[in-house]
Every structure is written in structure tokens, then in C-alpha cells.
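Asker: The structure that follows is given in the form of C-alpha cells.
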Amino acid sequence: MNNIRVNINDALGAVSEKAIESMASEVRESVNTLMEGTGAGNDFLGWVRLPVDTPDALLDDINATAERLRTECEVVVVIGIGGSYLGAKAVLEALGNPFSVYDNALKPQIVFAGHNIGEDYLYELQSYLKGKKFGIIVISKSGTTTEPAIAFRLLKAQLEEAEGREAAARHIVAVTDAKRGALRTLADEEGYTTYVIEDSVGGRFSVLSPVGLLPIAVGGYDIKALMEGARERQKAILSGADKSAEVYATTRNALYRSGKKIEILVNYNPRLHYFAEWWKQLYGESEGKDHRGIFPAAVDFSTDLHSMGQWIQDGERTIFETVISVENVDHEVRIPTDEANLDGLNFLAGKRVDEVNKMAELGTRLAHVDGGVPNILITIDSICERTLGSLIYFFEASCGISGYLLGVNPFNQPGVEAYKRNMFALLAKPGYEEETAAIRERVR
Ligand code: PA5
């Protein structure tokens, strides 16, 4: 259970240990509110016990469906937005080889759609799929979200045209509400294989449900190990044996209260880029409300040291960093000796690339702390299914605790409706007649 360690020593310059200790009773209350389900949004706590409550039979069933798609499809398109795609994308990218997309022998390729309204994106995707055997996993809890609905309408029509309606239905899997929504109705009518997103599991907390598990299994990864990691973390946190989630939640809130309004999640491993995107949604949508909340940002180092490094080192001192440090990488690459040594790199000859990366990490952390950027260090043993499951649960639990510490309902997202109302009014959606007239007047 030692695959995640949280170290707050380098945050203690900005907030004293005393300040953190003084939050102890508040933290206890937030933890109890979450665990006992007595707080705002308590009808969305299904994720808390999801790892332990998920039966192996469901994982076997998901694996069987994934195997069917893997065998019968060259490409599988995962359609979804927000919590309905980011978790799967994060895990697939973390476990995958970034160059496999160029390897036509590797099947199936997994591509995403419905997470934007890019006409060129959809045109190019449709062109790419022409003549290929493809399947669709369409994921929408509400079943009515515009972006995935448009993508699904297009790709379903393309698949049906290519294979016929009946055969197409075999290659479409829907993950949606048990009873409600347009997608549920269609899936039942067409006889698609379906998986349920429980009412009590919100989108951004759903990666450990079929929402994330099915695409991850299609990628050929071990969803049982992923869930095992999450189960271990769930048991440790819920029993009180593991305080790491509390420590992270408390420290980031103490920093926020001291004026550090922006948290930058830092990785030194390009595999974690989308993990940070998932984290941004988890914390941004959970905490940014009532005109409060830490702004979650993310950078990939050392890449972004050449773009954002200057700002972080020297810009406004309203930021703190949370570094995800990966102890062990999977492969070994050593830097060769070069006789001419024109680049002057022979002092690194024989060293592993990861050793250089680790020194970049340490050097940067020290420089940023010296420059007034407090640092929370989260060390993980490696990037594998078990650790990712554990890390996902760790961040979800911290997020719930942190939201209650902040004094918001971490499980709703009323703010995301505003753009939808305007968009529907501008597009003259039936039922929006008054808003359409008003908005047209405004933008005339
Ligand atoms: O976390 C959330 O609830 C949201 O980000 C949703 O996941 C996102 O809006 C997609 O919703 P749906 O799955 O209903 O299409």
C-alpha cells in the first residue's frame, strides 16, 4: 500500500505546520461529512464505495465485450465528453505507447470523438474510418449532451451505411443511465450492448465504472488490477489507516487560504499529460463555484519549462505546485559516448535518461521553492494499472474532502449550464424561443 506517498515539507514555508494543525477539526468534519454522506451532494457518493462494490462478474462481462470489439474492429471510437471520456483517455495514454498510433499492425486503434464540435475533426475522423471495420462506444450519462450526440449521430449513420443496421448494432456499445435519456431509449430499441452509469456516480467520478473500464479494457489493459489498486486505496482511506488524501486536501486548502489561488499539477513523464487533464476536470468542476475555488492548471515538464518555466519561477506569487513524481520507469535508455563530444554531453555518457530527468525534477522543485512556489510532492512507484487505480481513488477522495473544506458542494456543476442555454438559444432550439429573441437582440 506504499505505491503513493505525499510529502508536504516543501509547502511548509508558505503555510506553517501550526496553520495546518489548526485545521484538524475542520478536516475531521469534512472527512466525516464525506464518509457518512451527510453533506451537500450526498446523492452523488456512489463512487466512494465503487471499487469494493464492483463485482468481478461485471469486470468479466466488460472484458468479454472488449474482447469482441478488439477481435472484430480495426478502430474503436470512444464518444463522450468531460467525465465521460477524460478518465479513459488518461489511463489509456498513461499505459500506452505514444507511437502505437503509427503502427497499423496494432489493433484496435482507439480514437475519441464527441469531446469537441470541430467540423474538420469530424470530417477527418469520418474519412479515416472509411473502409475500416470500426466500432463505437458511446458514453453519456444524461444521454442528451450535444457534443457526443452530434458525433454519435454521424458515426452511427456511417457504420449503418457500411455494415447494415443489424450488424452495426453489434459494434455499438452504449454506457448510459439505467432508465432515462435518449441514448437509453435508442440502445434498448436497437439492442445495443449496454452498461449502466449509476445515478449516484457523477461523470467526473466515473472512471472506475464501465465509463472508464470498457475503453481501458478495449485498449488491452488489466482492469482487474486497476480496480484492485483502487480497492486497496479505498479500504485504507475509509478505515482511516491512510491519511494521504486528508493531508493533500488540507495542505492545498491551507495554501489557498494563504493566497495561493492556483494549483499547478506537474508531471515529468509525458505519459501523464492526460492524467492531468482528468485531474483538472475533477477539481475544477468540483470546486470552482460560489466564486471560490483553487484554479487547477497543469504543465508537462521539462517540456513546459521552456514555455511556462519563466512565469512559474518569477511571475505573480499566487501559485503552488503539486508534483507527481514517478519513481520507476519501464525501460532503460543510456546516453552514449560520442568521441567528438561537440555537444559537450560526454559528462552524461553512460547515465540513464531517467537519471537526467530526475535531476531536472529535483533541480526545478528546489528552484521553484526558492522562488516562492510551495510544493506538494506526490510520489508514485510506477505507472501501472494498480498504481493508477490507487491514484485515481486517492485524488477522488481528496477532492471530496477538499470541496467540503472549501465549503462548496463538490458534486454538482450548475455553472456548466450557462453556455448551453446561450448555445441552444442561438441555435433556436425548440423551447428556447424567448431566450432566442433576447440573445439575438443582444448580439445584433
Ligand atoms: O462531470 C460531469 O458530470 C460532466 O463533466 C459530464 O461528465 C459531462 O458533461 C458529460 O455528461 P454526459 O455523460 O451526461 O454526456
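Asker: Would you mind getting the Kirkwood hydrodynamic radius of the chain from its Cα pairs, rounded to one decimal in Å? Mind dumping the intermediate values first?
Answerer: Working: mean 1/r = 0.0427 Å⁻¹.
Kirkwood hydrodynamic radius for the chain: 23.4 Å.
Asker: Now for a different question. Kindly write out, for segment 167-178 in residue order, the coupling ³J(HN,Hα) from the Karplus curve 6.51 cos²θ - 1.76 cosθ + 1.60 (θ = phi - 60°), rounded to whole Hz, with x marking Gly and Pro.
Answerer: 5, 4, 4, 5, 9, 10, 10, 10, 10, 7, 4, 5
Asker: Using θ = phi - 60° and the Karplus relation 6.51 cos²θ - 1.76 cosθ + 1.60, list the HN-Hα couplings for segment 282-287 in order, rounded to whole Hz, with x at every Gly or Pro.
Answerer: Result, ordered by residue: 4, 7, x, 6, 7, 10 Hz.
Asker: Along the positive direction of the dipole of the chain (beta-carbon charges: Lys, Arg +1; Asp, Glu -1; about the Cα centre), which of 113, 443, 71 reaches farthest?
Answerer: In the chain, that residue is 443.
Asker: Between exposed GluC sites (Glu not before Pro) in the chain, where DSSP calls loop and at most 13 other Cβ atoms lie within 10 Å, what's the longest gap?
Answerer: Values: sites that count: 316, 332, 339.
Counting at most 13 other Cβ atoms within 10 Å as exposed, the longest clean stretch of the chain is 1-315.
Asker: Then there's this: State the extension gain, in nm to one decimal, for the chain segment bounded by residue 117 and residue 347, taking 0.36 nm per residue of separation less the distance between their alpha-carbons. If you can, show how the numbers build up before the last one.
Answerer: Values: separation 230, 0.36 × 230 = 82.80 nm, distance 4.96 nm.
Working it through step by step, the gained length comes to 77.8 nm.
Asker: Let me ask something additional. Compute the separation of the alpha-carbon centres of segment 313-355 and segment 219-238 and state it in Å as a whole number.
Answerer: 31
Asker: Assign unit charges at the C-beta atoms only (+1 for Lys and Arg, -1 for Asp and Glu), then state the dipole size of segment 58-124 relative to its Cα centre in Debye, rounded to the nearest 20.
Answerer: Details: 4 positive and 10 negative charges, 29 e Å.
The dipole of segment 58-124 has a size of about 140 debye.
Asker: May I pose another question? Under a Cβ-Cβ cut-off of 10 Å, what is the net charge of the residues other than residue 8 that fall near it, where Lys and Arg count +1 and Asp and Glu count -1? Spell out each step's value before the answer.
Answerer: On the way: positive: 252; negative: 10, 17.
That works out to -1.
Asker: At 1.4 Å probe size, with every protein chain present, just tell me what the per residue accessible area of the chain comes to in Å². If you can, show how the numbers build up before the last one.
Answerer: Working: 20420 Å² over 444 residues.
Using a 1.4 Å probe on heavy atoms only, each residue of the chain averages 46 Å².
Asker: Okay, next question. What's the extension gain from residue 182 to residue 49 if we count 0.36 nm per residue and subtract their Cα-Cα distance?
Answerer: Values: separation 133, 0.36 × 133 = 47.88 nm, distance 2.82 nm.
So the chain would gain 45.1 nm between residue 182 and residue 49.
Asker: For segment 47-221, what does the relative contact order come out to in percent, with C-alpha contacts under 8 Å and a separation of six or more?
Answerer: 32
Asker: Let me ask something additional. Residue farthest toward the positive end of the dipole of segment 118-190, with Cβ of Lys/Arg at +1 and Asp/Glu at -1: which of 183, 151, 162?
Answerer: So the residue furthest toward the plus end is 183.
Asker: Quick one: with all protein chains in place, what share of the accessible area of the chain is carbon or sulfur, to the nearest percent (1.4 Å probe)? Spell out each step's value before the answer.
Answerer: Working: 10650 of 20420 Å².
That share works out to 52 percent.
Asker: Arrange the residues 261, 358, 18 by how much accessible surface each exposes, largest first, with a 1.4 angstrom probe.
Answerer: Working: 261 95, 358 50, 18 155 Å².
From most exposed to least exposed: 18, 261, 358.
Asker: Still on this structure, I have one more. To the nearest 20 debye, what is the magnitude of the charge dipole of the chain about its Cα centre, counting +1 on the Cβ of each Lys and Arg and -1 on the Cβ of each Asp and Glu? Walk me through the intermediate numbers first.
Answerer: On the way: 46 positive and 63 negative charges, 134 e Å.
For this selection, approximately 640 debye.
The values are calculated or read from the model by the stated rules, or taken from the named source; none is laboratory data. Nothing here was measured: the structure is a model prediction, and the numbers come from that model. Because the Cβ atoms are built from the backbone with ideal geometry, glycine has one as well, and the counts that use them run over all protein chains shown. We work out accessible area using only protein heavy atoms, side chains counted, and drop any ligands, DNA or RNA first. Shrake-Rupley method; radii C 1.70, N 1.55, O 1.52, S 1.80 Å.
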